[in-house]
Every structure is written in structure tokens, then in C-alpha cells.
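Before any comments, here is the structure.
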Amino acid sequence: MTVSFSNPRTMPRRAGYSQICEVTAGKLVLIAGQVPHDVNDKLVGEGDFAAQVEQVFRNLAAALEAAGGSFRNLVKINNYCVASVTQEQRTAFQKVRDRYVDTASPPVSTFIFVSRLAQPGWLFEMDAMAVIDG
């Protein structure tokens, strides 16, 4: 295996992501920030955090497929969410994420609240890294 995920006993155990990802071989794929726009560049889910998260994951799926991979190749995600989204609304992220990623060996992850994103109406953005066997 070229990628292994771990959660050492010497580190906090958090649900939903791994603490460490080790890559020993493969093609590294860096995916730009994915936003809640569809293939026609139309905003999806204006004011609806869950709908925007779903669209971002759809866009990420398309990017992974275009690079020759899938969600099983995902090793790192960085999530950016506007500060107006509540903790209760954020649970939508976890539900959507868990439908797409391997919850037994989830990618390493960072979740950041920001004052705003680049475009008005965006509530969520995600960039990612994948390793695809070459």
C-alpha cells in the first residue's frame, strides 16, 4: 500500500479524520478550492449550508475522477466555513463527508471558520490532496 492513515495512541483520537497520513509512492494530486458552483458556474444552495457542502463534495468527486482517482485516493482536506454557520448547521458537513469518504480510514482534515469567503453567498469551500497509484 502506498498510503497509510494512523491515529497514534500518543495523540488525541478525534472522530471523522485521521491524525497522520504517510505516503510512500504514487502521483500527488493537489485540488484547488472547490466552491458551491455547479458545472454551469451557478451558485448552488444560496443560504443553505448543507446544499453547498453537497455541491462542494460533488465538485471534488469530479476533480478526483478527472485525475484518475476517487474518494479512496483522498488523503487531505482543508475545509473553510463562514463564521455565521452554527455548530448545529456544521453537522451537515459531517453527514455529507461521511457519505463520501472511507470513515474507517478518513483523510487527514482541517476545519477553519473564516469571516468570509471570496464570493458573497459562499458558505463553504474545500481544497484537497489525493494520491493516485501511477
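Some notes on this structure:
- Qualifying position, being small (Gly, Ala, Ser), modelled with pLDDT of 95 or more and surrounded by fewer than 17 Cβ atoms within 10 Å (Cβ to Cβ), among Ser109, Ser115, Ser105: Ser115
- Filtering region 87-94 for residues that are of a type in the set (D, E, K, R), surrounded by 15 or more Cβ atoms within 10 Å (Cβ to Cβ), in contact with a strand residue (DSSP E or B) (Cβ under 8 Å, 6 or more places away or on another chain) and touching a residue at least 60 places away in the same chain (Cβ under 8 Å) leaves an empty set.
Residue-by-condition table, conditions (1) modelled with pLDDT under 90; (2) among the polar types (S, T, N, Q); (3) more than 28 Å from Gln119 (Cα to Cα):
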site	(1), (2), (3)
Val3	yes, no, yes
Thr10	no, yes, yes
Cys21	yes, no, yes
Ala25	no, no, yes
Leu30	no, no, no
Gly33	no, no, no
Pro36	no, no, no
Asp41	no, no, no
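- Within the option set Glu88, Glu46, Glu54, being charged (D, E, K, R), in contact with a helix residue (DSSP H, G or I) (Cβ under 6 Å, 6 or more places away or on another chain) and either over 23 Å from Ile132 (Cβ atoms) or not in a loop (DSSP other than H, G, I, E, B) (or both) holds for one residue only, Glu54.
The values are calculated or read from the model by the stated rules, or taken from the named source; none is laboratory data. The shown structure was predicted, so the numbers you read here are calculated from the model rather than taken from an experiment. Don't worry about glycine lacking a Cβ; one is built from the backbone with ideal geometry, like all the others, and counts go over all protein chains shown.
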